[in-house]
Amino acid sequence: MNLTARPLATLTLLGLGTLAPASAQSIAGTVTGSAAEGIRISGWAVTPSGQAVQEIVSVPINGGKFRLELPAIAPSARAQTTLSAQNVSWPGVIDPVTVSAPVQTAEVKFFTYRDTNRSGQRDDNEPLNEVTLNSGNSSVFVAWVGTDVTVKANRGYEATLKRGWNVFLVDVGRAVKVSPFADTAQVSLNLGR
């Protein structure tokens, strides 16, 4: 028996255990306003303060439409934070906040950028512009979690997240309504130009 192969196989299996389950999550939508040539819509893992850390998904806008396919793998370790009641800055969350258990998480925010060199990814000289994806009166919210967790907050906010990628619609009014995202949701991006 090759003794060096066994530890490697064990490490490989342990590494696979940290991956999120396969994800078939996708967000398709239409764009209103004019999109300049080379504009891409992208989802980025962000810090709790909203700074973009890792591009998770990016697609060109074609014919006023887009389809974002979330990956089946977890975001990088540098894009993850430990979720706690003190650092939840998600849309619609107002103190007091409770988190059922500490968990590794990554929040995704959406940005557009002009892919000037047509590389299919953002380069440092291509500025990010934060945008919101909407479905009716609700905004689209995406987060990855390492294990199942429930987040509750003021005004009826309650989100139950399963291990891996989660997509929700968040409607902030007198109460905060968090609903699971359905593939049939009509999503729009207003570029306003």
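On inspection, S76 passes the criterion of being open to solvent by 30 Å² or more (accessible area, probe 1.4 Å) and among the hydroxyl-bearing types (S, T, Y).
Can R67 be described as surrounded by fewer than 21 Cβ atoms within 10 Å (Cβ to Cβ), of a type in the set (D, E, K, R) and within 17 Å of the chain's Cα centre (by Cα)? So R67 passes the test. At least 3 residues being among the small types (G, A, S) and in contact (Cβ under 8 Å) with a residue 12 or more places away in the chain is the threshold, and among the strands (runs of 3 or more DSSP E) wholly inside the range 122-189 those reaching it are 138-145. Applying the set (1) of a type outside the set (D, E, K, R); (2) touching a Gly at 6+ places or on another chain (Cβ under 7 Å); (3) open to solvent by less than 50 Å² (accessible area, probe 1.4 Å); (4) closer than 18 Å to E55 by Cβ to T116 leaves exactly one unmet item: (3). For the range 105-113, the criterion of a residue being under 20 Å from P180 (Cα atoms), open to solvent by 40 Å² or more (accessible area, probe 1.4 Å) and not in a loop (DSSP other than H, G, I, E, B) is satisfied by at least one position.
Exactly one residue out of W144, W165 is open to solvent by less than 60 Å² (accessible area, probe 1.4 Å) and either polar (S, T, N, Q) or in contact with a helix residue (DSSP H, G or I) (Cβ under 9 Å, 6 or more places away or on another chain) (or both): that is W144. Looking across the range 6-35, the residues that are modelled with pLDDT of 85 or more and more than 15 Å from the chain's Cα centre (by Cα) come down to G29, T30, V31, T32, G33. Go through the range 41-75 and count every residue that is in contact with a strand residue (DSSP E or B) (Cβ under 7 Å, 6 or more places away or on another chain) and closer than 25 Å to R118 by Cβ. Qualifying residue count, the range 41-75: 23. Do the conditions hold for P102, that is, is it open to solvent by 30 Å² or more (accessible area, probe 1.4 Å) and either in contact with a strand residue (DSSP E or B) (Cβ under 8 Å, 6 or more places away or on another chain) or at pLDDT 95 or above (or both)? Here the answer is yes, as P102 does meet what is asked. Before we move on, is N190 under 21 Å from G29 (Cβ atoms) and modelled with pLDDT of 95 or more? No. Exactly one residue out of P48, P96, P91 is open to solvent by 40 Å² or more (accessible area, probe 1.4 Å), in contact (Cβ under 8 Å) with a residue 40 or more places away in the chain and touching an Asp or Glu at 6+ places or on another chain (Cβ under 9 Å), and it is P48.
The values are calculated or read from the model by the stated rules, or taken from the named source; none is laboratory data. Bear in mind the structure is a predicted one, so any value in this text is a computation, not a measurement. Neighbour counts run over all protein chains shown; Cβ positions are idealised from the backbone, glycine included. Quick note on the areas: whole protein, heavy atoms, side chains included, nothing else; ligands and nucleic acids left out. Shrake-Rupley method; radii C 1.70, N 1.55, O 1.52, S 1.80 Å.
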